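For reference, the structure is listed below as C-alpha cells.
Just so you know, all these numbers are worked out from the coordinates, no wet-lab data involved. The structure presented is a predicted model; accordingly, all values stated were derived computationally and were not measured. As a convention, Cβ positions derive from the backbone with ideal geometry for all residues, glycine included, and neighbour counts pool all protein chains shown.
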Amino acid sequence: MKRPRLFDTLLGAKANEQTKSRNRWMIWLSVALAVFFLYLALKNLDWISFWATLRGAQYVFLPVVLAWSSFSYLIRALRWRVLLTAEMPISRLDAFWANMSGYLGNNILPARIGELVRAAYANRAASLSLSFALASGLSERLTDVFALVLLGAISLSASGITTGMLQRAIQTMAVVAGLGAVVFLLLPGFSPLLAKIIGWIPFLNQDIKENSLSFMEKFLLGLRALLHPRRAAAFGLYTVLIWLMDGLGIMLTGFLLHIPLTLAQAFVLLAGLGLSSAIPSTPGYVGVYQFVAVAVLGPFGVKSASALALILFMQICGWLVVGGWGLAALVRLSRNADG
C-alpha cells in the first residue's frame, strides 16, 4: 500500500521504512481475516432487503448525521487535549487537526499507524514531544477499553442478554483491561529502575542511552497525565459525553434507515465494534465490522440485511467525515511547513 507523501513528511523516511518491514506480515493477516469475516457476514444475505433498506433511507437527514459525527470528533480532540496540556499548552484547533490526521491514518494505513501520525502532527504543530503524545494516546485508548467493557456489560444486562460471543469477549477484555490498568498505575513508579536498566546495557553508546532516557521520561509523563485528579475529572466527563453522543449517533443512523434501535442496543453495538478493533484488520475495519454488526444485532431481532446496511452506512459516513477533516488537517500542516 502506497503511503501519501504528507504521511512521509510527518513520519519521516526512516520511520516509514521500519514500519513497512515490521508490518508487512500484519497486512496479509488483516486481509485474510477481513475476507473471512466478510464471508461469514454475507453468507445467506437477503440482498433484496439489503438494497431496499439503503434505497428507502431518509437521506434528508444525512447532513445531520455528518454534523453530529464531526462534533463527536471535536469532543474527542478536546479530551485528548486535556492530557496533552500536562506537558505544554496546545490550542483546541491544533489538537483537533492532529486528532483528525490520526483518524485518517487509521482509516487508510494498517496496524493503527494513525496513532503515530497524530502524535507526529502534535509534535510538529505544537512542539510536543513525540513520546509524550504517544503515551497520552495510550492512556486515552486504555480508558476507552474500560468504558467499552463497562458500557457493554451494563447494556447487555439491561437488554437481558447474558450469554454469547460478545459477553465472552467483554469478559476477556475486562481481564486485559485490568492487567493494563495495573501496568498503567505501576509503571511510572519504576522510572528509577528503568533508568538503571537503560544505563546498564553495555552495547548502547552514551548518546543512545541519553536519547532513550529522555524518551522514557516523556513517555512516563504521558502515562502520568491521567493521574492528576482535576485532569482525570475533565477527561472522564468528556469520555461520558463521547460515548453518549456515539450511541445517539447510531440511533440517529438507524432512524435514517428505518431501523429502530434503543440506546442500550446502540451501546452494545459500540462495545462490539470497539472491542473488535483489537483484531488485526484492513483499513476502515472492512469485514470485521460487518461481521460484528450481524453478530451483535441479530439477538435483538435485527435482520442481517438491516445490520449490514446500518454498518455500511456508518462506515461511509465515517469515511466522509474523517476523510474530509483529515485531508484538511494534512493540507493545513503542509502549508504551514511551506510557509
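Below is a table of values for the structure above.
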read-out: Along the chain, longest interval not containing exposed trypsin sites (Lys or Arg not before Pro), exposed being DSSP loop plus at most 16 other Cβ atoms within 10 Å; value: 44-339
read-out: Mean Cα-pair separation over length for the chain, i.e. relative contact order, pairs under 8 Å, 6 or more apart, %; value: 32 percent
read-out: Gain on full stretching of the segment that runs from Glu217 to Ala32 - 0.36 nm per residue minus C-alpha separation; value: 62.7 nm
read-out: For segment 35-338, size of Cβ-based charge dipole, Lys and Arg +1, Asp and Glu -1, in debye; value: 160 debye
read-out: Neighbour-count order for Val302, Val64, fewest beta carbons within 10 angstrom listed first; value: Val64, Val302
read-out: Span from the segment 97-119 Cα centroid across to the segment 232-260 one, whole angstrom; value: 22 Å
read-out: Total lysine pairs under 18 Å (Cα atoms) in the chain, excluding pairs fewer than 8 apart on one chain; value: 6
read-out: DSSP H segments from the chain that extend 30 Å or more along their own axis, Cα-based, with Kyte-Doolittle mean of 1.6 or above; value: 165-186
read-out: Alpha-carbon Rg/Rh ratio, for the chain, with Rh computed the Kirkwood way; value: 0.98
read-out: Theoretical FRET efficiency, 1/(1+(r/R0)^6), r = Cβ-Cβ of His258 and Ser91, R0 41 Å, to 0.05; value: 0.50
